[in-house]
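The values are calculated or read from the model by the stated rules, or taken from the named source; none is laboratory data. Not measured: the values here are computed from a predicted model. Cβ atoms come from the backbone with ideal geometry, glycine included; neighbour counts cover every protein chain shown. All accessible areas refer to the heavy atoms of the entire protein, side chains included, with ligands and DNA or RNA removed. Shrake-Rupley method; radii C 1.70, N 1.55, O 1.52, S 1.80 Å.
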Amino acid sequence: MTDHPQKQKWTDLATKQLKGKSPDTLDWMTPEGIRVKPLYTAEDLEGMEHVNTLPGIAPFVRGPMATMYSGRPWTIRQYAGFSTARESNEFYRKNLAAGQKGLSVAFDLATHRGYDSDHPRVVGDIGKAGVAVDSVEDMKILFDKIPLDEMSVSMTMNGAVLPILAGYIVAAEEQGVPQEKLTGTIQNDILKEYLTRNTYIYPPTPSMRIVSDIIGYCSKHMPKYNTVSISGYHMMEAGANSVLQTAFTLADGLEYVKAALATGMDIDVFAPRLSFFFGIGMNFFMDIAMLRAARFLWHELIKPFNPKNVQSLMLRTHCQTSGWSLTQQDPYNNIIRTTLECMSAVLGGTQSLHTNSFDEAVGLPTNFSARIARNTQILVQEESQVCHVVDPLGGSYYVEALTDGIISGARKIITEIQALGGMAKAIETGMPKLRIEESAARKQARIDQGLDVIVGVNKYKIEEKPLEDVREVTDAVRVEQVERLKELKAKRNAVEVQKALEHITRCAEGDGNLLEASILAIRARATVGEVSDAMEKVFGRFVATTQCISGVYASEYGNNTAVIDALRKRSQDFADKEGRRPRILMTKMGQDGHDRGVKVVATAYADLGFDVDISPMFQTPEETAKMAIENDVHLVGVSSLAAGHKTLVPQLIAALKAGGGDDIKVVVGGVIPPADYEFLFEAGAVGVFGPGTSIIDSANQTLNVLEKKHG
Amino acid sequence: MTVDIDTSVNGLLNGNRRILAKTITLIESSLSSHQSLAQAILDRLLPHTGKAVRLGITGVPGVGKSSFIESLGMLLVGKGHRVAVLAVDPSSTRSGGSILADKTRMERLCADSRAFIRPSPSSGTLGGVARKTRETMLVCEAAGFDVIIVETVGVGQSETTVSLMVDFFLVLMLAGAGDELQGIKKGVLELADAVAINKADGDNIEKARRAQRDYETALQLLRPASPNWSPPVLTCSARDLTGIEDIWSVVLKHRNIMTSSSELDQNRRSQSLSWMWSLVEEGLKDRFHHHPEVQHRLPQLLRQVESGMLSPTAAACQLLFLLDKA
Ligand code: B12
Ligand SMILES: Nc1nc2c(ncn2[C@@H]2O[C@H](COP(=O)(O)OP(=O)(O)O)[C@@H](O)[C@H]2O)c(=O)[nH]1
Ligand SMILES: [Mg+2]
């Protein structure tokens, strides 16, 4: 490699400006393990295979299409859904009128997990984190006056994917639209559910069969429909850095390809209908490079299967900006963050995009925040003039070098996963989840130390003035859904429904196509819960294995251990006085599957000298209370992010009392709108720790409460 | 913690879960005031103990102990038993704190009102674990639980300790890749009343059968602890619920044989004796380390022995002699 003729001169100048230090001291090691230098030159790109290719042509680094946005801009596709189908439908239609191009449906957690709205395990979940759908009747209302032959609809559904996809097909059919005309995407990416998203229902093996059944059915009957959206977004939001996100996502993709091939399908029949979904964070250049690297690697991974259709090798993707990067503190900053992330996604060449609302860390978007979020994209698309040129950063020394860094980092991990026997096997070992959780714990430790700056949270903090306009979904939605279920069950032909459900169960035992069977049942007005149950009889319900990392949070403090030591001393002093360490039960109640926070807090508290019990996921308040009482913990830490807190926390406190555990304190963390703090304190909680709370602070406050009590 | 002994005793005998939990906390406490309270309660409870089946389960981390207990436990409560599970977690971090996640693998059992599960951090001495677990077991018996399962990780000494407090000691194993007996401590097999190869499911069934034969051979080379019982080797899947019922039958069969040969009683009596002796040893050590004179003299004597100025024997004599001074 020959150096740039001016390189020596630059080094001298830089050294002088650094008062004698070498410019190497400016190098930055990213969380991905990529060394970033202060200057890149043409020499850095020597020998890189991906450089100097053209868009629309393999290996597609510069974009899947030849003309990209210069021909047609990306699709603005905002993810939304809340409350009842009627309310969501109104919201969709307003947004479409205001410039949104595609629909993307967010279902509530009861629906995701295959429970009808009248199930006892979901009282805190109905309509809260998405729209409640119990039957095709709800589905028809959801798409009322939205012509499904023209509108491309994306649906985030993985667990209850069969009854929901069937519902969509039947709703279209009753609108007069035949299934072969349907365009859009079903997420149907079950592997990442076990890894990060936690809305699985059945164990992996039958779930993979469901994925294959859907791919099989759609490739025959719905040629324009994307059958899997292989998602890295959730991994990023759970804590994965960009190399992990790329590696695990592509490895998931490869697993689906193998599963489909194993059913005897030809690669070109289904591979062109696989799409991707990536998350875009605040490291501006990194995620531009990530999208380019992902396209390169997908081509490399699929090539060995010898597809004839070039579309099989092409990675097309939806993107979403990072919700995790958005803060409850100083919330209008979030508009700026989202704009930066939006630019990253665009410069990386996404095919469609969701931009988050500034009230992300408080609740579901309001009409106003949703408008600003949508306009963020519209401004970039229609005012900024960035669309004229394809891959405008192609040839940037830095971006090309980063692209290479991600390609080689991710390739290494993918090889490791292949050695374990593929992603399904790797997930069984727990390796990918632990890597993500480790990455999340390190990130939290860096934020708590102020090493990673988050404006408003650990730097430039302001006097809080909480957002006033917050969307709240009340219990009235559950009541209405339960009522509608009763009506539905009274009107339908019970015998026909029963027969259709039994047919599903038989299919599950044997080998009929489960989507075909589900369509028959949904058409007969079977509910989402009934269809799910019909399969659960055979498949069982999956129970996650919770593994925990330890020592990572503290180790990220390096030699800078003063705060850690101080807290360890406090826990030890407590133990000396009380006869045991402070003991906390960290719990998730309801169908809320956000486990990043609970895991980070648990591992950090253990590092700080607490004894930390962890409950299984999806507990009822009574189950959590029983565990707290038996383990005799000092306090229960409720992590609540899906808006169930106002229902579940009072129920927990009542259950503790009923079981004689009135001395057990309750603290609540997660997405709690500031307006609800008072409610929770009144209900009996002794601490509320919202997004952005430093774990060191919450541990100190928790100990204050315990010491006062035992005083 | 304010505790009234009568209330505790009555509550326990009535099966009050909260009082049971609180009493275990007293037993586990490092404060001597708590411990003497616990002793007072235990003394009153002793006549009501001894009726449960005491089952110890060991195996390397990840072998499936917690999952196995979930499956066995659900089977047993289904048969009308009341099951208490004591899980000793060694996952203490350098901070002294620990993460107790066993219950995440016992999702159904821990929600069941017929079961009581108590995971305990092992912080402190190993002897401490033994005392605490043993006494906790007794309290659970007094509270009406008729099957007590103790989960312990097969590392260090804890499996020996636990085998000395149960009637039946089950060792869970995994089928490896051929070299079955490598890396397994012989000592653990000597303690076993039965060995079960877990995760005998899916592609693993054949491998598990092979492991079963290998262990059978290995066990034949050991002298059984009882002339009336040769430890069998079984296979099971905690995940698919196969082989669990068989293992329970083996436990019952063992119990019948041991009862009719009076070995069950003999065992428990000799366990009591060895428990007493270990308490004496632990107490002596404790007294030694807390003796003010010892604490005062120790640093200097240590230095002298280290530098060769004093023989270890002479130093030990001097230190022990200090105990005799009031
Ligand atoms: C990450 C994330 C995800 C990830 C979750 C990954 C995972 N495995 O956890 C993914 C992408 C999978 C996801 C999915 C969904 N999400 Co989400 N998600 C978020 C997001 C962006 C960040 C949450 C987070 O992890 N933060 C980082 C952790 C460390 O913070 P934390 O949990 O708040 O904990 C901190 C403090 O609260 C405190 N703390 C927390 N708990 C406790 C407990 C104790 C005892 C103590 C002492 C302290 C403490 O300490 C921590 C450190 O500061 C939030 C929005 C936001 N910015 O908060 C939305 C959000 C929670 N999600 C939301 C929704 C709707 C969903 C979905 C239901 C969407 C859908 N309809 O499909 C799905 C389904 C998820 C499910 N199964 O439940 C909504 C919930 C709406 C509401 N509450 O009204 C939010 C608020 C976004 C929004 N505004 O729309 N999500
Ligand atoms: N395939 C299979 N996996 C199992 C079985 N039992 C446990 N596992 C898995 O093995 C892992 C460890 O189980 P766990 O019960 O926590 O083991 P412990 O550490 O011995 O208590 C978990 O991922 C379980 O899901 C089984 O019988 N078959
Ligand atoms: Mg265990």
Item to complete: Would you point out which residue out of B:GLY15, B:GLY80 is in a loop (DSSP other than H, G, I, E, B), assigned by TED's automatic domain parsing to the domain that holds B:GLU135 and away from ligand 3 (no atom under 16 Å from the Cβ)?
Response: B:GLY80
Item to complete: Please enumerate the residues belonging to region A:562-617 that are open to solvent by less than 10 Å² (accessible area, probe 1.4 Å) and among the acidic types (Asp, Glu).
Response: A:ASP592, A:ASP607, A:ASP611, A:ASP613
Worksheet, complete the sentence: Counting only residues that are without any contact (Cβ under 8 Å) to a residue 40 or more places away in the chain, in a strand (DSSP E or B) and within 16 Å of A:GLY669 (Cβ to Cβ), region A:581-624 contains a total of 3
Worksheet item: Does at least one position in region A:421-430 carry a residue that is more than 14 Å from chain B (Cβ to nearest Cβ), away from ligand 1 (no atom under 16 Å from the Cβ) and either at negative phi or acidic (Asp, Glu) (or both)?
Response: yes
Worksheet item: Does at least one position in region A:549-561 carry a residue that is assigned to a loop (DSSP other than H, G, I, E, B), open to solvent by 10 Å² or more (accessible area, probe 1.4 Å), within 16 Å of ligand 2 (Cβ to nearest atom) and touching a residue at least 60 places away in the same chain (Cβ under 8 Å)?
Response: yes
Worksheet item: Can you spot a residue in region A:27-45 that is surrounded by fewer than 12 Cβ atoms within 10 Å (Cβ to Cβ), of a type in the set (Ser, Thr, Tyr) and touching a residue at least 60 places away in the same chain (Cβ under 8 Å)?
Response: no
Item to complete: Determine if region A:653-672 includes at least one residue that is at pLDDT 95 or above, in a helix (DSSP H, G or I), surrounded by 24 or more Cβ atoms within 10 Å (Cβ to Cβ) and more than 8 Å from ligand 1 (Cβ to nearest atom).
Response: yes
Item to complete: Identify the residue in region A:673-708 that is in a loop (DSSP other than H, G, I, E, B) and touching a strand residue (DSSP E or B) at 6+ places or on another chain (Cβ under 6 Å) and, among all such residues, is least open to solvent (accessible area, probe 1.4 Å).
Response: A:ALA685
Item to complete: Inspect all residues belonging to region A:631-638 and state whether any of them is open to solvent by 10 Å² or more (accessible area, probe 1.4 Å) and either facing chain B (nearest Cβ under 9 Å) or under 22 Å from A:THR199 (Cβ atoms) (or both).
Response: no
Worksheet entry | Search result, residues across region A:1-12 that are touching a Pro at 6+ places or on another chain (Cβ under 9 Å) and either free of Cβ contacts under 8 Å to residues at least 24 places away in the same chain or exposed (fewer than 12 other Cβ atoms within 10 Å of the Cβ) (or both) | A:THR11
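Every residue, every condition in (1) of a type in the set (A, V, I, L, M); (2) over 20 Å from the mean Cα position of the chain (by Cα); (3) within 11 Å of another protein chain (Cβ to nearest Cβ), yes or no:
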site	(1), (2), (3)
A:MET586	yes, yes, yes
A:ASP592	no, no, no
A:VAL600	yes, no, no
A:ALA604	yes, yes, yes
A:PHE610	no, yes, yes
Practice prompt. Using the structure shown, decide if B:VAL9 is closer than 30 Å to B:SER249 by Cβ, of a type outside the set (Gly, Ala, Ser), more than 14 Å from every other protein chain (Cβ to nearest Cβ) and surrounded by fewer than 22 Cβ atoms within 10 Å (Cβ to Cβ).
Written response: no
Practice prompt. Within region B:50-63, track down each residue that is at pLDDT below 95 and open to solvent by 10 Å² or more (accessible area, probe 1.4 Å).
Written response: B:GLY50, B:LYS51, B:VAL60, B:PRO61, B:GLY62
Worksheet, complete the sentence: A:ILE335 passes all but one of the listed conditions (1) hydrophobic (A, V, I, L, M, F, W, C); (2) closer than 17 Å to A:ASN283 by Cβ; (3) touching a residue at least 40 places away in the same chain (Cβ under 8 Å); (4) open to solvent by 10 Å² or more (accessible area, probe 1.4 Å); the exception is number (2)
Worksheet item: Restricting the search to region B:72-98, which residues are modelled with pLDDT of 90 or more, within 14 Å of another protein chain (Cβ to nearest Cβ) and open to solvent by 10 Å² or more (accessible area, probe 1.4 Å)?
Response: B:MET74, B:ARG82
Worksheet item: Looking at region A:98-191, what helices (runs of 4 or more DSSP H) fall wholly within it and have at least 3 residues that are within 19 Å of A:THR84 (Cβ to Cβ) and among the basic types (Lys, Arg)?
Response: none
Item to complete: Could you tell me whether region B:47-68 includes any residue that is more than 11 Å from ligand 2 (Cβ to nearest atom) and over 23 Å from B:ASP167 (Cβ atoms)?
Response: no
Item to complete: Of the conditions (1) part of a loop (DSSP other than H, G, I, E, B); (2) of a type in the set (A, V, I, L, M, F, W, C); (3) within 30 Å of A:GLY99 (Cβ to Cβ), A:LEU39 clears all except one; give me its number.
Response: (3)
Item to complete: Would you confirm whether any residue within region B:218-241 is open to solvent by less than 80 Å² (accessible area, probe 1.4 Å), touching a residue at least 60 places away in the same chain (Cβ under 8 Å), within 14 Å of ligand 2 (Cβ to nearest atom) and within 28 Å of A:PRO206 (Cα to Cα)?
Response: yes
Worksheet entry | Condition check for A:ALA625: open to solvent by 10 Å² or more (accessible area, probe 1.4 Å), farther than 22 Å from A:ALA129 by Cβ and more than 16 Å from ligand 2 (Cβ to nearest atom) | no
Discussion item. Within region A:476-511, take every residue that is outside any helix (DSSP H, G or I) and open to solvent by 70 Å² or more (accessible area, probe 1.4 Å) and give me the one that is nearest to ligand 3 (Cβ to nearest atom).
Written reply: A:ASP511
Worksheet item: If you check every pair at least six apart or on different chains, which have Cβ atoms under 8 Å apart with a residue in region B:132-153 that is over 18 Å from B:HIS81 (Cβ atoms) and small (Gly, Ala, Ser) first and a residue that is in a helix (DSSP H, G or I) and open to solvent by 10 Å² or more (accessible area, probe 1.4 Å) second?
Response: none
Worksheet item: Do you know which of the residues in region A:514-541 that are surrounded by 18 or more Cβ atoms within 10 Å (Cβ to Cβ) and either within 14 Å of another protein chain (Cβ to nearest Cβ) or assigned to a loop (DSSP other than H, G, I, E, B) (or both) is nearest to ligand 2 (Cβ to nearest atom)?
Response: A:PHE539
Discussion item. Scan region B:279-296 and tell me whether some residue there is surrounded by 12 or more Cβ atoms within 10 Å (Cβ to Cβ) and small (Gly, Ala, Ser).
Written reply: no
